[in-house]
1. With respect to Val207, is the statement that it is under 21 Å from Arg89 (Cα atoms), touching a strand residue (DSSP E or B) at 6+ places or on another chain (Cβ under 9 Å) and among the hydrophobic types (A, V, I, L, M, F, W, C) true?
2. Are any residues in region 62-99 farther than 25 Å from Gly224 by Cα, surrounded by 22 or more Cβ atoms within 10 Å (Cβ to Cβ) and of a type in the set (A, V, I, L, M), and if so, which ones?
3. Name the residues in region 130-150 that are modelled with pLDDT of 65 or more and either surrounded by fewer than 17 Cβ atoms within 10 Å (Cβ to Cβ) or outside any loop (DSSP other than H, G, I, E, B) (or both), would you?
4. If you go through region 206-214 one residue at a time, do you hit one that is of a type in the set (A, V, I, L, M), surrounded by fewer than 17 Cβ atoms within 10 Å (Cβ to Cβ), assigned to a loop (DSSP other than H, G, I, E, B) and under 15 Å from the mean Cα position of the chain (by Cα)?
5. Output yes when any residue across region 213-220 is modelled with pLDDT of 65 or more, of a type in the set (Gly, Ala, Ser) and in contact with a strand residue (DSSP E or B) (Cβ under 9 Å, 6 or more places away or on another chain), and no when none is.
6. Residue by residue through region 224-252, note down the ones that are among the charged types (D, E, K, R) and either within 17 Å of the chain's Cα centre (by Cα) or under 19 Å from Leu92 (Cβ atoms) (or both).
7. From Met34, Met1, which residue is within 21 Å of Gly120 (Cα to Cα), buried (at least 24 other Cβ atoms within 10 Å of the Cβ) and at pLDDT below 60?
8. Considering only residues that are closer than 18 Å to Asp201 by Cα, part of a loop (DSSP other than H, G, I, E, B) and open to solvent by 60 Å² or more (accessible area, probe 1.4 Å), which ones fall in region 215-252?
Amino acid sequence: MLLSSKGKHRRPSKAVRIATLAGVAGAAVAVPLMGATGASAASVATWDAVAQCESGGNWSINTGNGYYGGLQFSQSSWAAAGGTQYAPRADLATKAQQIATAERLLDMQGPGAWGCAGAGNLTNDGVNPGVDTGSSSNSTASSGASEQQSAPAAPKQQAQPKPAERTEAPAASRSDRTTAPQAESKKTVTTPTGEKVKKGDGEYKVVSGDSLSKIAADRKVKGGWHKLFELNKDIVKDADLIYPGQQLHLTK
């Protein structure tokens with residue numbers, strides 16, 4: 001994790017305490033530290049070595065300890081370095097997106113932001129890793145989708161009803177069509193990937209940056225995150241994946 005050695009938390013250095021003043025949500029003001037320059041960069045092989053030390057090379061890891069992804073970003077560091085443009089947390093971003101964000105954090109704080117910098121021989125060597133964050137492919141996909149939408153297939157021509165045969169839809173039917181989507185939206189929340197998951201009806205509403213272990217600790221849930229997961233297994237399918245807007249039960 002950032003400022004950790006093989007997964008063990010270490011007291012933050014002065015440099016990192018300054019950088020993490022940036023909020024988790026919203027734009028952050030980056031303060032250049034430790035003599036870093038705009039040319040700061042490291043190779044993919046170097047980042048792989050750092051990740052191997054930080055997380056065992058697991059780029060999607062979320063153990064619930066407040067640090068996420070292969071390079072173990074804290075939520076505040078992820079936001080301060082602009083990672084939220086890719087995903088709400090580092091473990092939900094691709095390896096390339098995590099490396100691109102790490103490049104910006106390296107520029108802001110220098111190698112000292114990672115406790116495993118030495119293991120990966122991380123330096124501001126100016127090497128461009130050349131990672132693809134997926135923005136170009138997304139643009140191409142959007143362009144293709146736009147072209148398909150701009151040229152829809154011609155609908156089949158239908159015979160027009162005689163004026164005397166035109167009827168007004170019953171009021172009840174119109175109301176049903178209007179309220180059905182609203183009723184559905186109240187039962188689900190939309191994930192960052194656009195998937196809809198169950199919202200639930202518990203007394204605690206999940207916010208950005210939450211995890212089951214954090215909620216269990218903050219709310220003093222007896223049995224910890226295991227119990228919290230069991231109480232909400234009807235809406236939480238993966239203990240590592242909860243989403244803002246979901247409402248969890250804290251007790252039976």
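The values are calculated or read from the model by the stated rules, or taken from the named source; none is laboratory data. Computed from a prediction, not measured in an experiment: that's the story for all the values here. Counting neighbours? That spans all protein chains shown, and the Cβs are built from the backbone with ideal geometry, glycine included. Side chains are part of the model used for accessible areas, which takes the heavy atoms of the whole protein and leaves out ligands, DNA and RNA. Shrake-Rupley method; radii C 1.70, N 1.55, O 1.52, S 1.80 Å.
1. Answer is no for this residue.
2. Leu71, Ala79, Ala80, Ala81, Ala93, Ile99
3. The first filter runs over region 130-150 and keeps only residues modelled with pLDDT of 65 or more, leaving 130-134.
Within region 130-150, Gly130, Asp132, Gly134 qualify.
4. Checking region 206-214: at least one residue is of a type in the set (A, V, I, L, M), surrounded by fewer than 17 Cβ atoms within 10 Å (Cβ to Cβ), assigned to a loop (DSSP other than H, G, I, E, B) and under 15 Å from the mean Cα position of the chain (by Cα).
5. There is no residue in region 213-220 that is modelled with pLDDT of 65 or more, of a type in the set (Gly, Ala, Ser) and in contact with a strand residue (DSSP E or B) (Cβ under 9 Å, 6 or more places away or on another chain).
6. Lys237, Asp238, Asp240
7. Values: Met34 fails: buried (at least 24 other Cβ atoms within 10 Å of the Cβ).
On inspection, the qualifying residue turns out to be Met1.
8. Once the filter is applied, which keeps residues that are closer than 18 Å to Asp201 by Cα, part of a loop (DSSP other than H, G, I, E, B) and open to solvent by 60 Å² or more (accessible area, probe 1.4 Å), region 215-252 yields Arg219, Lys233, Asp234, Lys237, Pro244, Thr251, Lys252.
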